[in-house]
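Before we start, here is the structure in question, set down as structure tokens.
The values are calculated or read from the model by the stated rules, or taken from the named source; none is laboratory data. Model, not experiment: these values are computed from the prediction. Backbone-built Cβ (ideal geometry, glycine too); neighbour counts: all protein chains shown.
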């Protein structure tokens, strides 16, 4: 097999010269696409498994090109054509040549990016508009390849009176022998005049979207499934909300029986504006909690199309659906704690300050307002995480939300680069605890690099091995990495090299944070349980006293004016009991009245409270018996036997 060769700088210069020469005449230039070996090696099995992953890369590219918006049109529910448009910087001639001749060899974060207009003039880690770059690997075209093999790029830069058009056809790598061919596909490039010199941006039109991609977006496996010999199709239960279906055919005995088109069921009205639709989609998840199930999954509520929108919203550098986590304050009913970076440190309570949010109090870096908006089929996307809409729990002892704040910056310049993976790692994070996370897919930790993410929430919390299953299910966390970690990303940008030093550093920090959270939560839980026990004891005591008073009132003139004074004490000397009896107090030793099982169980705080409440009920029984004149006819030993017998009846279910 011949070794695949990447295009040389000379090839780039030759193609760029030809494009420059033909721009005046509008002639078409035909050439081939070239890809770096590391990317081609992954093309045969597909870099991405879901359409959302490929669309995410196009969103990242638009962001890195300083776009203020990106609009994705999917042609739902047919999904035959997808159009992606942005108002970014557009491709210069040099950038377009590099895209074609070096797929997988990005100009981003390299000195060559400045000359091609891809990066900032002084810092290759920034876009021309000073944004921290999300992308690095340069696999945008192969992201598109997961959706379609034929697409058109229409791009224009500001100040030019022409737009560049590239018609791309990618090769199909269905045979290992085809890797011997150095071409990744073919492309035709030409220019057309543009009336508005100040306009800029890029359109990508995907023709003939792959059947596999269409069927995923159409939720084909959700709507029908084959039975028997595969000719008969049976409908599954549709999701609560869906975009509808195109013509759905049902077969029986090899003949077409019915054609049906399912109308969409949307969580909004057709008249709603783009910015109000996604909040309603998010609210639909909250509204469905506790309906058919207490914690339905997104797959039960949404079809694949809506799940794709949700995933894109979770990954993009955009605003939260309701409120940024670092703008919360004590007025929102949240308790805040600062995490320690020391090995055996503990979290410290952060006191609220009037007029200040947690970001200001903890001196966190404020999330930059990117001015970047993402639209899918006239739906403006927002990050689907909210902090004040979680359902409350009446069963939990502690129900108030807790937010643990952390920040860390580690300078690694004095260590060998092969041991550190980079000179610096810097991040800040929050861990938000509530009794119940909705949706449950938001449970876990999400790593963001420059405010974007390719992964979903990791409910293992980066392989935390301590048995904290219940508590971990009640945490949503995001770690915002400002420097470092991107070199740990695998080529699909959806997973990490777990052995990378940066990933290991953040994992260890996360596990330390979880230990601190567990310790603090246990402490709060214990305090809350004590308060709840005290409140419950007061309430129960009040009810018991009320029962005694009502019993005496029913006796009228035949009863005493007030209930007798009764005491059941533990470890009291006989002479003390005798002295109390002499002044009219009905005094008893708990060992003579209360069943042994009640006394033996009184070890923990809750058990002690239960034992005290049981003793109070026993005293109430003595007061009622005395009011009816029963005790005055009995010796104290007989009184004790009677009370003990009654108490044993009550204790049979303890």
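Name the one entry in 350, 358 that is under 15 Å from residue 478 (Cβ atoms) and at pLDDT 95 or above. Outline the logic, then answer.
Working: 350 fails: under 15 Å from residue 478 (Cβ atoms).
None of the other options fit; the residue is 358.
Turning to a different aspect of this structure: Tell me, please, whether a residue that is in a helix (DSSP H, G or I), under 58 Å from the mean Cα position of the chain (by Cα) and over 30 Å from residue 397 (Cα atoms) can be found in the range 628-640. Lay out the reasoning, then the answer.
Step one: list which residues in the range 628-640 are in a helix (DSSP H, G or I), which gives 631-633, 636-640.
From the residues that got through so far, the ones that are under 58 Å from the mean Cα position of the chain (by Cα) too are none.
Taking every residue of the range 628-640 in turn, none turns out to be in a helix (DSSP H, G or I), under 58 Å from the mean Cα position of the chain (by Cα) and over 30 Å from residue 397 (Cα atoms).
From the list 523, 540, 529, 575, which residue is at negative phi, more than 21 Å from the chain's Cα centre (by Cα), surrounded by fewer than 12 Cβ atoms within 10 Å (Cβ to Cβ) and outside any loop (DSSP other than H, G, I, E, B)? Reasoning before the result, please.
Details: 523 fails: surrounded by fewer than 12 Cβ atoms within 10 Å (Cβ to Cβ); 540 fails: surrounded by fewer than 12 Cβ atoms within 10 Å (Cβ to Cβ); 529 fails: surrounded by fewer than 12 Cβ atoms within 10 Å (Cβ to Cβ).
From the options 523, 540, 529, 575, the qualifying one is 575.
Restricted to the range 463-486, and to residues that are part of a helix (DSSP H, G or I) and surrounded by 15 or more Cβ atoms within 10 Å (Cβ to Cβ), which residue is nearest to the chain's Cα centre (by Cα)?
We begin by selecting, within the range 463-486, every residue part of a helix (DSSP H, G or I); these are 469-472, 486.
With surrounded by 15 or more Cβ atoms within 10 Å (Cβ to Cβ) added as a condition, the list becomes 471-472, 486.
On the way: 471: 16, 472: 13, 486: 20 Å.
Result: 472.
Yes or no: residue 586 at pLDDT 85 or above, surrounded by 12 or more Cβ atoms within 10 Å (Cβ to Cβ) and not assigned by TED's automatic domain parsing to the domain that holds residue 599? Step through it out loud before you land on a result.
Numbers: at pLDDT 85 or above: yes; surrounded by 12 or more Cβ atoms within 10 Å (Cβ to Cβ): yes; not assigned by TED's automatic domain parsing to the domain that holds residue 599: no.
Here the answer is no, as residue 586 does not meet what is asked.
How many residues are touching a helix residue (DSSP H, G or I) at 6+ places or on another chain (Cβ under 6 Å) and at pLDDT 95 or above if we restrict to the range 277-302?
Residues flagged as touching a helix residue (DSSP H, G or I) at 6+ places or on another chain (Cβ under 6 Å) and at pLDDT 95 or above within the range 277-302 amount to 0.
Of 507, 534, which residue is part of a helix (DSSP H, G or I) and surrounded by 14 or more Cβ atoms within 10 Å (Cβ to Cβ)? Show your work before the answer.
Numbers: 534 fails: surrounded by 14 or more Cβ atoms within 10 Å (Cβ to Cβ).
Going through 507, 534 in turn, just one is part of a helix (DSSP H, G or I) and surrounded by 14 or more Cβ atoms within 10 Å (Cβ to Cβ): 507.
Any idea which of (1) in contact with a strand residue (DSSP E or B) (Cβ under 6 Å, 6 or more places away or on another chain); (2) more than 23 Å from residue 539 (Cα to Cα); (3) touching a residue at least 40 places away in the same chain (Cβ under 8 Å) is the one residue 567 doesn't satisfy?
Only one criterion is unmet by residue 567, namely (2).
Any chance the range 409-426 includes a residue that's surrounded by 13 or more Cβ atoms within 10 Å (Cβ to Cβ), outside the structural domain of residue 88 (by TED's automatic domain parsing), at pLDDT 95 or above and in contact with a strand residue (DSSP E or B) (Cβ under 6 Å, 6 or more places away or on another chain)?
No, the range 409-426 contains no residue that is surrounded by 13 or more Cβ atoms within 10 Å (Cβ to Cβ), outside the structural domain of residue 88 (by TED's automatic domain parsing), at pLDDT 95 or above and in contact with a strand residue (DSSP E or B) (Cβ under 6 Å, 6 or more places away or on another chain).
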